[in-house]
1. Might you let me know whether the stretch 258-265 holds any residue that is within 20 Å of Gly94 (Cα to Cα), modelled with pLDDT under 90 and either in a helix (DSSP H, G or I) or not aromatic (Phe, Trp, Tyr) (or both)?
2. Return yes when Gly41 is touching a residue at least 24 places away in the same chain (Cβ under 8 Å), within 22 Å of the chain's Cα centre (by Cα) and surrounded by fewer than 20 Cβ atoms within 10 Å (Cβ to Cβ) and no when it is not.
3. Yes or no: Leu30 surrounded by 13 or more Cβ atoms within 10 Å (Cβ to Cβ), touching a residue at least 12 places away in the same chain (Cβ under 8 Å) and within 30 Å of Glu14 (Cβ to Cβ)?
4. List every residue pair whose Cβ atoms lie under 9 Å apart, where the two residues are 6 or more positions apart in sequence or sit on different chains, the first residue falls within the stretch 254-266 and is at positive phi and of a type in the set (Lys, Arg), and the second residue, located anywhere, is surrounded by 19 or more Cβ atoms within 10 Å (Cβ to Cβ) and not in a loop (DSSP other than H, G, I, E, B).
5. Within the stretch 207-225, take every residue that is more than 11 Å from the chain's Cα centre (by Cα) and among the charged types (D, E, K, R) and give me the one that is modelled with the lowest pLDDT.
Amino acid sequence: MTSFVAAVAEVLQERGPLEVFTLAAVARKLRPVRKNELSLGHEIFKFAKRGEHGLQIVEYPSYQLNGSVPKTLPRGRYVRCAVETLAERGCRLGLDELAAHYSRRYGRAAVAPEFWMFAMLRSEGRRLITQMGQLRIGLKPHAKPVGIAARGPRGAPRVESERVEPIHEKIHEKNLESLVSERLEEIEPGLYLVQRQYATPVGRIDLLCRDRRGNFVVIELKRFRASTESIIDQVTRYMGWVQEQLAKRHQHVRGYIVVGKLDRKLQYSVRAIENLKVKCFRVSLTDPD
């Protein structure tokens, strides 16, 4: 199994985060093993969930019912539980929340219920449930090309090195989104991704996340030349929608705006809004030590 895990890391290093079964299939071609892709996917997920071998979960999918609840529910407990939970809540739910409902209903006997929920919905629940996003596995950032610095006492980003030459103004939006989504620990410890580009009736949320307490966190990237007014309007609109449509009564919704350069207008605007903070990113090239 050690050689297979090494193949998994090799694939991720070359191709970036992948859907768990795609990752298992590609790694299996590099290091043939007797286990099938379902078993290999399970092993990969367990390693990622525990943070072992440098693996981590970078995205959970979400689900919604295709239509009304069928008269005859599926026999499989995972699919049946997902259908009943989605019907009861009446909204789109993340894989982690569906798995939590399963664990509460049937106990915690299953190992990695998120994985088995994902696998069963993928194979048996397609006709009843629509999946958005993927269960993707990636590598933990060892060498960190992105530094996301918290605001200093006066709101200024921390200077990390005199040799740093910022190139954040030229980075492509999708690349920036990928970099930030794979380094959520630098935004906030314990933060994990629910879905990228989460579609809502009021727009697409760049990164919809949850914190270690299960609260929702909305992350928006301030594009180069975007106005302060537009980004404030976006992130507060998304936070309001998530609070009303996704969050339970005991859940809070917070927000982060990720920017390349902090200006005074944005700094003053954020200070007046509860549960909203700014983080500054910096992408740089440095000379080797």
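The values are calculated or read from the model by the stated rules, or taken from the named source; none is laboratory data. In this text, all values refer to a predicted model and were calculated from it rather than measured experimentally. Backbone-built Cβ (ideal geometry, glycine too); neighbour counts: all protein chains shown.
1. First pass over the stretch 258-265, keeping only residues within 20 Å of Gly94 (Cα to Cα): none.
Scanning the stretch 258-265 turns up no residue that is within 20 Å of Gly94 (Cα to Cα), modelled with pLDDT under 90 and either in a helix (DSSP H, G or I) or not aromatic (Phe, Trp, Tyr) (or both).
2. Working: touching a residue at least 24 places away in the same chain (Cβ under 8 Å): yes; within 22 Å of the chain's Cα centre (by Cα): yes; surrounded by fewer than 20 Cβ atoms within 10 Å (Cβ to Cβ): no.
The answer is no for Gly41.
3. Values: surrounded by 13 or more Cβ atoms within 10 Å (Cβ to Cβ): yes; touching a residue at least 12 places away in the same chain (Cβ under 8 Å): yes; within 30 Å of Glu14 (Cβ to Cβ): yes.
Taking the combined requirement at face value, the residue satisfies it.
4. none
5. Checking each candidate, the answer is Arg225.
For every residue, the table says whether it meets (1) over 23 Å from Pro17 (Cβ atoms); (2) of a type outside the set (Ser, Thr, Tyr); (3) assigned by TED's automatic domain parsing to the domain that holds Leu207.
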position	(1), (2), (3)
Tyr102	yes, no, no
Gly107	yes, yes, no
Ala112	no, yes, no
Trp116	no, yes, no
Met120	no, yes, no
Arg127	yes, yes, no
Thr130	no, no, no
Gly133	no, yes, no
